[in-house]
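Undergrad: Sharing a structure below in structure tokens format, with a few things to ask.
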Amino acid sequence: MTILTVLICSGAACLSSGEEAVKNKLMTLINEKNLQDEVKVIETGCMGPCQYGPLMIVYPDNSFYISLNEDKIEKIVDEHFIKGRPVKEYLWETPETRKKVEEKKIIPFFEKQLKIVLGNCGNIDPENIDEYIGTGGYEALAKVLTEMTPEEVIDVVTKSGLRGRGGAGFPTGLKWKFAREAKGDQKFVICNGDEGDPGAFMDRSVCEGDPHTVLEGMAIAGYAIGANKGYIYIRAEYPLSVKRLQLALKQAKKYGLIGKKILETDFNFDIDIRIGAGAFVCGEETALIASIEGERGQPRPRPPFPAQKGLWGKPTIINNVETLSNIRKIILNGPEWFSSVGTEKSKGTKVFALSGKVINTGLVEVPIGISLREIIFDIGGGIANGKKFKAVQIGGPSGGCVSEQNLDTPVDYESLTSLGAIMGSGGLIVLDEDNCMVDIAKFFLEFTVDESCGQCIPCRVGLKQMYNILDKITKGKGTMEDITRLEELAKVVKSTSLCALGQTAPNPVLSTLKYFRDEYYEHIKEKKCRANVCKFDEIEEKVIK
Amino acid sequence: MEKIKIKINGQEVEVEQGKTILQVAKELNLHIPTLCNFEPLLPQGSCRICLVEDRGKFVTSCTTQVAPNMDVKLDTPDVIASRNLILQLLFTERNHYCMYCEASGDCELQKLGYEFGLDHFEFETYERKFTVDNSHNYIVIDPNRCVLCRRCVRACSQLAGHNVLGEMNRGIDTTIIADMNVPLGESSCTSCGLCVQVCPTGAITDKRSYYFGKDIQTEEIYSNCDQCPVGCGVKIYKKKGSNFIVKIYGDFDKENEGILCKLGRYAALFEEKSRLTSAKIKDDFGFKKIDFDGIIKTINEKMEDSVVYVDGSLFNEELSLIKKVFKDRVFSLYENEPPIESNVSIDDIKSAKDYIVIGVDLNREYGVIGSFIKRKIFSKNGRLILFDSNYNSLKNVANYVFGIDELESGLEKLKDLDSPIIIYKNLSEKETEILSKNKNFRFFYLPFETNSIGLLKENIKHKIEKSKNIIFIGKNLQGLKDIAKESFTIVFTPYETDEINKFDLLIPINDGFEREGSFYNVDGKVINKAKVLDSKFETFDLKAILEELIKVKSL
Ligand SMILES: Cc1cc2nc3c(=O)[nH]c(=O)nc-3n(C[C@H](O)[C@H](O)[C@H](O)COP(=O)(O)O)c2cc1C
Ligand code: SF4
Ligand code: SF4
Ligand code: SF4
Ligand code: FES
């Protein structure tokens, strides 16, 4: 009889912090001490607070062990597993009270989160389809195939208010409707798992921790628009995601949940996995389509939109991993349930990769409409090392920096855009007083300069010229005209670039100019960097004298 | 096409649905500057110069189709300022110091610079040096002048079907490369030269035309290539007031869609064989010069006891005069009848799905036909089945390759062919028999010589007959020496070759661009070739001699 269930996180972050050794040690000890019948060990996907990995949860008492190593495991096995006394000093500790928390549920990091997409991540064995089915998996697919027409499915998704989580926030139901109405003998569903933003790993966590939810979402999408073929585009740098998705696909096919005549109905839906070479721009939908077609991965002009003319010229919907992972719960719980969470125009939850100068970093899923302050100070536990908060950069490399005065803004698509940032794919980097905002702008611009596909002039050359100006300013060689020029360039790059990479790339510059203009002026006029990041060359005149 | 109403610059106009804003503006005589757009190529929308405003949003006019309710403004201050800045950026990206560039004067970027009144560099110009690729016989690629419009890449794949050019790297490091980044001269380039023609700047240029003159110093002469029976349309740039050609471009309005092959674009300009420079006659002491009257007199004397051999290099006008003078004693020196007659045209080639090529390397001969087929193969809209020996370079492109002797067994294996077009030059009797059996096959015959079909129209067939005197008129003397041993042989030809001295009377005739006339192309259409140059030698116009003979005879 199993007495204890141990969930050990095998998300990529924990793997890289030594999960493998910890798990091996655990298995050896269990064998040595003959605990096989009492302790069941499950390797799960990402649990969230990655910086504390390797992580482990012990049920039924819900003890959350962090920062594990082989010695700690030995002690936990002896004390907790054999004698029934959780090892307090290895449990999560709250920063405010410095108290060890004995139950995962009441850890503040988890308290304010709402897990729809990540519900299964960290709680089931992602390599076992039965566990997924045990949580209601594939019930939604069965429901749509047997009880709903494609139009009804689209209607439910539309009513739920779900918007694309890949960045642009386009209403998912509407996208499906366009594709359903587009004429074509063949249609496609593409799942965008490219996730090229540096530091982002929400999609990876879903693919690793709950791969079936992605497959189920795709199949439902296929049924809704009338497609019988889907592609998952995923980057080669995510080998574990690829492995888990492949395994999930194999299992789902074996169970008749993907493939021909799904659940004995007339619906056929097959899925192929395509591995991308990892250019950031390949995550842009038209570039991704070009890449699947075997062409150079660079964006194409829209219109025509993929829903009209996508993969091989056929109507295609392309949705983000996270978007698709919401689908099954919307079908099962109804659109009202989903739209009860969120703000007027943005519903549901959003997964963020919280990083930077906060105490708790990692993956968080929050209801849309939560304030930035809550994310940073409640979930994130505030700024590390007693430093002062300066800004939070949201939305990946093309996102913007938001300052203290706007921290109470509810996080949704519109309000972030109005602040000069974007929801993007959900990067959230907290900056403190040691960060120079000009340097930060330059840092992000360097990324987009490198990742510009090089097709259109404003993005290819304009960003480079903007970078050159920032470089000048951070070296103390800027002039006041440079600011005007930066703004002029930013405006043109934003309004004239072909794809959203160029259209959003100036955001870090524009938002820092908006909220931290003083710092630019200090660099130019006083040759001063208040964060002491920029090193200015000796004033040349002195040398000449 | 359905008409819709939109507003352009405030004015309501009726336009055809399916057209782009750029296209309808052009029809209304409204100018929108462009750079990456090039009409026969699919629009790419990458330079952003052509942007216009539609209800407060910028759209690129070359990619955006007109739609109901559009309210397009072509030159708002915002539009102009943005185009201006984009252009400024482009000028600073690479080396656009015009005075050192071969394209200066003909460059589209330079023209835009003038149009927008750019007179200084607004931004730092950065010095990045890319290596110039000078490895090719005819073409130079200088990435330092490249604006990355990818017209060359699109032309090479979408039109010419060679798929040689592509891009490497990203962002400002992007460069145009051949194959997997090998020097162009070592790549799979077939020297069709279309990239040179479409490149708007001095990034891809034609070595042969360097320093010969700008477009403005030339006159453009529309004509057709007579290097093979495809008869592609060409635009010849002749230097004004001089007797030389600067360059040859393909004519986009003709059947060849602007595409040429190496023969039409380059070989025609590089005279490699030496010319026969004056007429001469053999006597006991060797050759001595002979004048027009001497020629007429000699031929007139020998005519009664002679046969005439011709080849397919002669034009219809020349052939008909020959027939008039020599009646039924005119034969083709070479086999000129098709093993199986064509029953399809170039247009059918462009739209077919399956192609069976037997024994011709379409990268080396009939190159433009090769382009039409290859572009379908690369875009996965067609399949190519090749029957030939191993050296046929099409084998790298073909979907199925069989040996030349595997025709029967090969066709056995391919059961799902969709009315394939068989493309061939010569066929053995056995091959003819095998192919004729298939009811759904279509046939496209490639004649050996430019005007092989013209010979047949004049009822001139291949036949060898002995005679006291032999007259040969044409370029290909190969078959002549065996039959001419015992005869007095008169040769009308443009070239000086080793074997030519065996013959008795040599008459140099005009060649290439010195000659005008018409011929029948692969489709059986009459194609005209213009006279562009004057001969630099004491050569004769064949027609003048023939006409004189008619006159003399009827006297
Ligand atoms: C430069 C660039 C990179 C992008 N990368 C991604 C990505 O990695 N993953 C993603 O889902 N969407 C990405 N997108 C957005 C996609 O183009 C597309 O909008 C999205 O996949 C649509 O799915 P959704 O409607 O579910 O959000 C990117 C867009 C741009 C411009
Ligand atoms: S905006 Fe940048 S990434 Fe997008 S097409 Fe243009 S050059 Fe490429
Ligand atoms: S080489 Fe010429 S045609 Fe090709 S991309 Fe560069 S500028 Fe355009
Ligand atoms: S295909 Fe024939 S006609 Fe056309 S350019 Fe080549 S040689 Fe001339
Ligand atoms: S001409 Fe339209 S974008 Fe270049």
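The values are calculated or read from the model by the stated rules, or taken from the named source; none is laboratory data. For clarity, every value in this text was computed on a predicted model and none was experimentally measured. Please note: Cβ atoms are built from the backbone with ideal geometry, for glycine as well, and neighbour counts cover all protein chains shown. For the accessible areas, the whole protein counts, side chains as well, though only heavy atoms, and no ligand, DNA or RNA atoms are used. Shrake-Rupley method; radii C 1.70, N 1.55, O 1.52, S 1.80 Å.
Undergrad: Limited to segment A:234-248, what total is found for residues that are in contact with a Lys or Arg (Cβ under 6 Å, 6 or more places away or on another chain) and crowded, with 24+ Cβ neighbours inside 10 Å?
TA: Number of matching residues: 1.
Undergrad: Further question: In segment B:135-181, what residues are among the hydrophobic types (A, V, I, L, M, F, W, C) and within 12 Å of another protein chain (Cβ to nearest Cβ)? Lay out the reasoning, then the answer.
TA: Taking segment B:135-181 and keeping what is among the hydrophobic types (A, V, I, L, M, F, W, C), we get B:139-141, B:146-149, B:152-153, B:155-156, B:159-160, B:164-165, B:168, B:172, B:176-178, B:180.
Result: B:146, B:147, B:148, B:149, B:153, B:165, B:168, B:172, B:176, B:177.
Undergrad: A further question follows. Check whether at least one residue in segment A:380-396 is on the phi > 0 side of the Ramachandran plot and in contact with an Asp or Glu (Cβ under 6 Å, 6 or more places away or on another chain), and report yes or no. Walk me through how you get there before you give the answer.
TA: Step one: filter segment A:380-396 for residues on the phi > 0 side of the Ramachandran plot, giving A:381-382, A:385-386, A:395-396.
Applying the additional criterion that residues be in contact with an Asp or Glu (Cβ under 6 Å, 6 or more places away or on another chain) yields A:396.
There is at least one residue in segment A:380-396 that is on the phi > 0 side of the Ramachandran plot and in contact with an Asp or Glu (Cβ under 6 Å, 6 or more places away or on another chain).
Undergrad: Looking at residue B:70 and the list (1) open to solvent by less than 20 Å² (accessible area, probe 1.4 Å); (2) within 9 Å of chain A (Cβ to nearest Cβ), which single condition is not satisfied?
TA: (2)
Undergrad: I've got another one for you. Evaluate segment A:484-494: report whether one residue or more is hydroxyl-bearing (Ser, Thr, Tyr), assigned to a helix (DSSP H, G or I) and over 31 Å from the mean Cα position of the chain (by Cα).
TA: Checking segment A:484-494: at least one residue is hydroxyl-bearing (Ser, Thr, Tyr), assigned to a helix (DSSP H, G or I) and over 31 Å from the mean Cα position of the chain (by Cα).
Undergrad: Quick one: which residue in B:185, B:166, B:171, B:193 is away from ligand 5 (no atom under 16 Å from the Cβ), open to solvent by less than 10 Å² (accessible area, probe 1.4 Å), among the small types (Gly, Ala, Ser) and under 23 Å from residue B:260 (Cβ atoms)?
TA: Result of the check over B:185, B:166, B:171, B:193: B:193.
Undergrad: To continue, here is another question. Looking at segment A:19-68 only, could you name the residues that are open to solvent by less than 30 Å² (accessible area, probe 1.4 Å) and either in a strand (DSSP E or B) or at positive phi (or both)?
TA: If the condition is that a residue be open to solvent by less than 30 Å² (accessible area, probe 1.4 Å) and either in a strand (DSSP E or B) or at positive phi (or both), then A:39, A:42, A:44, A:48, A:56, A:57, A:58, A:62, A:63, A:64, A:65 are the ones that fit.
Undergrad: I want to confirm something. Restricting to segment B:220-244 and keeping residues that are touching a Leu at 6+ places or on another chain (Cβ under 6 Å) and crowded, with 17+ Cβ neighbours inside 10 Å, which single residue is nearest to residue B:312 (Cα to Cα)?
TA: B:227
Undergrad: Working only within segment A:490-508, note down all residues that are open to solvent by 10 Å² or more (accessible area, probe 1.4 Å), within 12 Å of chain B (Cβ to nearest Cβ) and of a type in the set (S, T, N, Q).
TA: A:495, A:503
Undergrad: Count, please, the residues in segment B:73-91 that happen to be more than 11 Å from chain A (Cβ to nearest Cβ) and either in contact with a Lys or Arg (Cβ under 7 Å, 6 or more places away or on another chain) or not in a strand (DSSP E or B) (or both).
TA: Result for segment B:73-91: 5.
Undergrad: It is to be established whether one or more residues within segment A:277-299 are more than 12 Å from ligand 1 (Cβ to nearest atom), out of contact with any strand residue (DSSP E or B) (no Cβ under 7 Å at 6 or more places or on another chain) and more than 14 Å from every other protein chain (Cβ to nearest Cβ).
TA: For segment A:277-299, residues more than 12 Å from ligand 1 (Cβ to nearest atom), out of contact with any strand residue (DSSP E or B) (no Cβ under 7 Å at 6 or more places or on another chain) and more than 14 Å from every other protein chain (Cβ to nearest Cβ): absent.
Undergrad: Can you find, within segment A:185-202, the residue that is nearest to ligand 4 (Cβ to nearest atom) among those that are open to solvent by less than 10 Å² (accessible area, probe 1.4 Å) and assigned to a strand (DSSP E or B)?
TA: Ranking the candidates gives A:190 first.
Undergrad: Return the only residue of B:94, B:48 being facing another protein chain (nearest Cβ under 10 Å) and out of contact with any strand residue (DSSP E or B) (no Cβ under 9 Å at 6 or more places or on another chain).
TA: Values: B:48 fails: out of contact with any strand residue (DSSP E or B) (no Cβ under 9 Å at 6 or more places or on another chain).
Just a single option satisfies the conditions, and that option is B:94.
Undergrad: Among the residues of segment A:426-469, count how many are assigned to a loop (DSSP other than H, G, I, E, B) and in contact with a Phe, Trp or Tyr (Cβ under 7 Å, 6 or more places away or on another chain).
TA: Count: 1.
Undergrad: Can you tell me which of B:52, B:13 is more than 16 Å from ligand 3 (Cβ to nearest atom), buried (at least 23 other Cβ atoms within 10 Å of the Cβ) and not in a helix (DSSP H, G or I)?
TA: That would be B:52, the only listed residue that is more than 16 Å from ligand 3 (Cβ to nearest atom), buried (at least 23 other Cβ atoms within 10 Å of the Cβ) and not in a helix (DSSP H, G or I).
Undergrad: I've got another one for you. State whether one or more residues within segment B:470-482 are closer than 18 Å to residue B:545 by Cα, modelled with pLDDT of 90 or more and either in contact with a Lys or Arg (Cβ under 6 Å, 6 or more places away or on another chain) or charged (D, E, K, R) (or both).
TA: yes
Undergrad: A further question on this structure: Return the pairs, sorted by first residue and then second, in which the second residue is among the aliphatic types (A, V, I, L, M) and surrounded by 22 or more Cβ atoms within 10 Å (Cβ to Cβ), the first residue lies in segment B:87-111 and is within 16 Å of residue B:212 (Cβ to Cβ), the beta carbons are less than 9 Å apart, and the residues are 6+ apart or on different chains.
TA: Correct list of pairs: B:103/B:109; B:103/B:203.
Undergrad: Provide a single number: the residues in segment A:404-450 that are touching a Ser or Thr at 6+ places or on another chain (Cβ under 8 Å) and over 24 Å from residue A:203 (Cα atoms).
TA: So the answer is 12.
Undergrad: Looking only at residues in segment B:169-226 that are of a type in the set (D, E, K, R) and within 17 Å of the chain's Cα centre (by Cα), which one is nearest to ligand 3 (Cβ to nearest atom)?
TA: Restricting to residues being of a type in the set (D, E, K, R) and within 17 Å of the chain's Cα centre (by Cα), the top hit is B:206.
Undergrad: All but one of (1) over 30 Å from residue A:215 (Cβ atoms); (2) crowded, with 22+ Cβ neighbours inside 10 Å hold for residue A:118, so report the exception by its number.
TA: (1)
Undergrad: Quick check on my filter: what residues within segment B:135-190 are within 16 Å of ligand 2 (Cβ to nearest atom) and part of a loop (DSSP other than H, G, I, E, B)?
TA: B:146, B:147, B:148, B:149, B:150, B:169, B:170, B:174, listed by residue number.
Undergrad: Also, quick follow-up: Filtering segment A:468-489 down to residues that are closer than 25 Å to residue B:170 by Cβ and surrounded by 19 or more Cβ atoms within 10 Å (Cβ to Cβ), which residue is farthest from the other protein chains (Cβ to nearest Cβ)?
TA: Among them, the one singled out is A:474.
Residue-wise test of (1) in a strand (DSSP E or B); (2) open to solvent by less than 30 Å² (accessible area, probe 1.4 Å); (3) modelled with pLDDT of 95 or more.
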position	(1), (2), (3)
A:208	no, yes, no
A:215	no, yes, yes
A:230	yes, yes, yes
A:250	no, no, yes
A:272	yes, no, yes
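Undergrad: Output yes when any residue across segment B:166-185 is at positive phi, away from ligand 4 (no atom under 16 Å from the Cβ) and in contact with a helix residue (DSSP H, G or I) (Cβ under 7 Å, 6 or more places away or on another chain), and no when none is.
TA: Yes: segment B:166-185 contains one or more residues that are at positive phi, away from ligand 4 (no atom under 16 Å from the Cβ) and in contact with a helix residue (DSSP H, G or I) (Cβ under 7 Å, 6 or more places away or on another chain).
Undergrad: Inside segment B:440-555, counting only helices (runs of 4 or more DSSP H) that do not spill past its ends, which hold 3 or more residues that are of a type in the set (D, E, K, R)?
TA: Fully inside segment B:440-555 and qualifying: B:542-554.
Undergrad: Run down A:279, A:353, A:290 and say which single residue is away from ligand 4 (no atom under 16 Å from the Cβ), over 19 Å from the mean Cα position of the chain (by Cα) and within 26 Å of residue A:500 (Cβ to Cβ).
TA: Result: A:290 is the single residue among A:279, A:353, A:290 that is away from ligand 4 (no atom under 16 Å from the Cβ), over 19 Å from the mean Cα position of the chain (by Cα) and within 26 Å of residue A:500 (Cβ to Cβ).
Undergrad: Would you check which residues across segment A:334-381 are of a type in the set (S, T, N, Q) and in a helix (DSSP H, G or I) and list them? Give the steps one after another, and end with the answer.
TA: Kept after step one, since they are of a type in the set (S, T, N, Q), are these residues of segment A:334-381: A:339-340, A:343, A:346, A:349, A:355, A:360-361, A:371.
Once the filter is applied, which keeps residues that are of a type in the set (S, T, N, Q) and in a helix (DSSP H, G or I), segment A:334-381 yields only A:339.
Undergrad: Same structure again: Kindly indicate which of A:239, A:303 is more than 14 Å from chain B (Cβ to nearest Cβ), at pLDDT below 95 and away from ligand 1 (no atom under 14 Å from the Cβ).
TA: Testing whether each residue is more than 14 Å from chain B (Cβ to nearest Cβ), at pLDDT below 95 and away from ligand 1 (no atom under 14 Å from the Cβ) leaves just A:239.
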